[in-house]
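Read the figures in this text as sums done on the coordinates, not as results from a lab. Remember, it's a predicted structure, so these values are computed and weren't measured experimentally. Here the Cβ is made from the backbone with ideal geometry for all residues, glycine too, and neighbour counts use every protein chain on show.
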Amino acid sequence: MDAVLELAASLLSFAHSIFGPGICPGDWVWATSTAGALIALLPVLGTVIIALVRKFTGNTYNPVTLTVFGVIGGVTAFLLPWLLFNGVGSAYRSIFTGDGAVTFTAEEMRSFQEGTCWVGPQNSYLGGRANGYEVLFHPYETWPMYLLRIGALVVVPAVCLLFVILQARAAMRRGPKWPSRLIWIPFAIMAVLSLPVEANTAAHLWLGFLPISILGLVPVYVIGPPSWGSVERNYQKPDAGGPPPPQHSQAQAQHGQQHPPQPPPGQQPQHSQQHGQQKPPPYVPPPPVPKYVPQGQPSVRQPPPAYVPPPLPNPTLREPEPDRAALGKLAADPGPLPFTPRGATPPPPPVKPSGSRFRKVRALGHGGFGTVWLAVDTQLDRTVAVKMAHAPDAETEERMLREARALAAVHHPNCVRVYDIVAEPDGLGLVMEYIEGQPLADRVSRGGPLDDVAVARLWITMAGALSAAHAKGVLHRDVKPSNIIIDPNGNAHLIDFGIARSKGDSTLTATGMMVGTPDFLASETAAGANATPASDAWQLAATVSYALTGKPPRGSRDNAMAALMAAAKGEPLSELPLRSAHRRLLTASLDAEPARRPTLNTVARELSDWLSREGHTETGPVTQIVRRSAIEQADRTRPMR
């Protein structure tokens, strides 16, 4: 305890030397508030250290990191402030009683006898009055003075606690906020346990504590949250306790083969002889020697081995798994195209003429690269969507062939499927799955913005669809509300990969031709940079913001060129939702710097955690059920923006 008194006395002397003017109410009263400000630096130091640690650990909350955070919070927010609060009170009490437990210089001791205003002798004002517990729970003063006591001993500490909570939560950005309790709960306990300190001393300590607790938010925000890369690495580390992943041979990876299931215990497995590779079987004891049977009697035969299913799944039960490795290579490098330079002998037609196989019903939409028709496949008797080229020249056909190859490599239940590519009398046609529904743009313009739960499901679904495309090297490059269809069950589907490009493809449009919708175009692509998965993620976040507000994130412009210039300049986002729970994630996903944006996997995980905390499931309609009458009344003749 002597060490604590000496530490408190040294703190008071240092505070008196920093700021102890001899004006009302007295130099030691001012020094007490200065000491409170110095004590307030301790919780700020703790949150700063935790924010720096999270720069490297991200959201790794294992026993080691939680112990470190708990020790930091316990020492900086509870132990040291509590010891200094009580030490300062004990030092003033010792000076008032004159027991000699603490020592100050002769000049400092003389100044304790002085006082101005209502204070009187400062040693009596700071060390000879009732403590905080007595003045709050056993009031003996007038009501105005009692209310002033409540303000100084209850309201001011509560405001300090509020800003300590804000500091702790700022240190836990881009992650769960519950570890912040390791900082502010110890501080709340310290504030309660400081009531035995003299009321006047505690009041001036808290008055000095308050401004530093407010300013303490600045260094925490300057340090910033951990990068999205650090957050993502936590989810990419393999589980050390789990079984190692199976090792597939190169030949098996190329042909999509699977390992056959293991036979029951005690039965010798059947080994595959494919490609000359054979896995050594486990040791099996030799069978017992069969009993001798005299000639003329039938020998006792061993029962046949149990049936082992073939390694490939039965195609009649479920669709076989596609050869993802081969399709990925195809998407990354589409290979030679069936076109020759001008003047050379044209090759045979790339596709067979369909002979008017598809009967057009009505136009579904018009885009920059084709017209989409609702049609009937007269051979298979099914409804499809056929995208026909405006001008069947070599460049347009080349783009459509690349589009078909790119889309054929993508397998996701919320991505439009490609059935075929045919030569119709009007030109080359891309035959796609017809998704009956209503565009998200029409749903928002007519039914109003979506709520946070529906938007979370929409964002997760579309992030999964884009991730599946990116895994095959395919970029969408035109994600917008009109390219998301809501089917009658309320499920979202990503359509119109009409300007989709595989990584490594050369630009197939004329120089300077705008690719993408300006209102939902990332600033780097609007400025002329190549599209990346981060730009697709930006467009998806802009679409989600539209679903929450009914407006593009940069606001509407008079024409497409003005919108393109606003995107290229990176103008501020003026139409973000104000009260949405996803505002923080939207702001990060719409960052002007692509490297600072969270990945689609990170976004999906954050939204999944939020839905779980709110008691909702990831599955479910992203909007209310769309009635068939609303679909039939939709205007499908206007151009697609």
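See the values below:
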| quantity | calculated |
| --- | --- |
| Highest-first arrangement of 451-458, 173-180, where packing means the average Cβ count within 10 Å | 451-458, 173-180 |
| HN-Hα J in Hz across the range 462-468 - Karplus 6.51, -1.76, 1.60, θ = phi - 60°, x for Gly and Pro | 6, 5, x, 5, 5, 5, 5 |
| Mean projected area (nm²) of the alpha-carbon convex hull when the range 94-139 is viewed from all directions | 3.9 |
| The range 561-592: trypsin sites (Lys or Arg not before Pro) in DSSP coil with no more than 10 other Cβ atoms inside 10 Å | ARG579 |
| Restricting the range 193-235 to chymotrypsin sites (Phe, Trp or Tyr not before Pro) in coil, as DSSP defines it, with at most 15 other Cβ within 10 Å | TYR235 |
| Low-density loop positions, chymotrypsin sites (Phe, Trp or Tyr not before Pro), the range 137-189 - DSSP coil, at most 14 other Cβ in 10 Å | TYR140 |
| Theoretical gain in end-to-end length, THR97 to SER356 [0.36 nm per residue, Cα-Cα removed] | 82.5 nm |
| Links that overshoot a 23 Å alpha carbon limit, given the list LYS387/LYS480; LYS387/LYS569; LYS480/LYS569 | LYS387/LYS569 |
